[in-house]
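The values are calculated or read from the model by the stated rules, or taken from the named source; none is laboratory data. Please read all numbers here as calculations on a predicted model, not as lab measurements. Positions of Cβ are backbone-derived with ideal geometry, glycine not excepted, and every protein chain shown enters the neighbour counts. When the accessible area is computed, the model is the full protein with side chains, heavy atoms only, and any ligands, DNA or RNA have been set aside. Shrake-Rupley method; radii C 1.70, N 1.55, O 1.52, S 1.80 Å.
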Amino acid sequence: MTPSTKPETFLLTSMLLCTLLGLGYPLSCEVCIRNGAKCTGVMKTCAQDEDSCISVMTETNNKGSVDVTSYKGCAKSSECDPEFLSITVAPENYMGSDTRCCQTDGCNHKPLPAIVRNHTENGLRCPSCITAFSETCTSTQEAVCVGEETHCVAVSGLAQPGIRFAARGCGTEAACHSKPGTLVPSGSRLLTIKKTSCRPSPQASGKAE
Ligand SMILES: *[C@@H]1O[C@H](CO)[C@@H](O)[C@H](O)[C@H]1NC(C)=O
C-alpha cells in the first residue's frame with residue numbers, strides 16, 4: 001500500500017506532526033510596558049516555548065506614591081498564574097497585580113479592568129520587611145493585612161537582571177502559589193519572583209515566624 005500523495009493529506013499529516021511535536025505556528029502577541037492602566041505596542045512573534053499572550057497590571061505603593069503599570073508580552077503558560085495577587089508590607093508599601101493570559105494572535109490587545117484594592121483591615125498581621133540586593137530580609141515591623149490577605153508571605157526575586165530583592169508581609173492565598181518566574185511590572189521595570197513561601201497568618205499580633 002502506498003502512502004497517499006494527495007496534498008490535503010500531506011498538509012493534514014504535517015499539521016498533526018507539528019502539533020504532536022509542539023512545533024505549532026509561532027504565536028504573536030502585543031508587547032509593551034508603561035506607567036498607567038493601558039499600554040499599546042507592536043506585535044511580536046513569540047519564541048517557540050511561549051504559548052501565551054500575557055497582560056499584567058500592577059498597582060504598587062512605594063512610600064506613599066501609587067503607581068499603576070501595564071505590561072504585555074509573550075509568556076509561557078507557567079507565568080500566567082496566579083491571576084490576582086496582593087502583598088502588603090506596610091500601609092504605604094504594597095503591591096497588587098492582575099495577570100491574564102490568552103492563546104490566540106494579538107489576544108492581549110484589550111486593556112485589563114482596573115485593579116480595585118480592598119483596603120479593609122481583616123484583623124490579621126504578619127511580620128514584614130523589604131530589602132534590595134538580598135535574597136532574605138529580617139522582619140522589623142508588622143504588616144496589617146487587608147482584604148483577602150490571609151497569609152504571611154516571603155517573596156524574593158530579581159528587581160532587574162542581577163539585582164535581588166526580598167520582602168515579607170501579608171499576602172493573598174494566590175500569592176502563595178506564585179510560581180518561580182512570575183512577572184510583576186513595577187514602574188518601568190519588570191520584577192521576577194523567584195521564590196515564595198507562605199503560611200496562614202496567626203490571628204492578631206502573636207508570634208512572628
Ligand atoms: C474587603 O475585605 C474585607 C475584610 O477581609 C471583607 O470583609 C470584605 O468582604 C471585602 N470586600 C470586598 C468588596 O471584597
Set of aspartates and glutamates with alpha-carbon distance to LYS179 below 15 Å, sequence-local pairs under 8 removed: GLU79, ASP81, GLU83, ASP98
At most 12 other Cβ within 10 Å, DSSP loop - GluC sites (Glu not before Pro), the stretch 60-100: GLU83, GLU92
Surface share of carbon and sulfur [accessible, 1.4 angstrom probe, percent] for the stretch 75-208: 52 percent
The stretch 26-205 - percent relative contact order, Cα under 8 Å, separation 6 or more: 22 percent
Calculated FRET efficiency for the pair ASP49/ASP81, C-beta based, R₀ 22 Å, to 0.05: 0.85
Relative packing of peptides 178-184, 99-105, 152-158 - highest average C-beta neighbours within 10 Å first: 152-158, 178-184, 99-105
Where labels lie 7 Å past Cα in the beta-carbon direction, separation of LEU112 and LYS38 in nm: 1.7 nm
Residues of the stretch 26-205: accessible area per residue with a 1.4 Å probe, Å²: 49 Å²
Dipole magnitude (debye, nearest 20) for the stretch 113-167, charges at Cβ of Lys, Arg, Asp, Glu: 140 debye
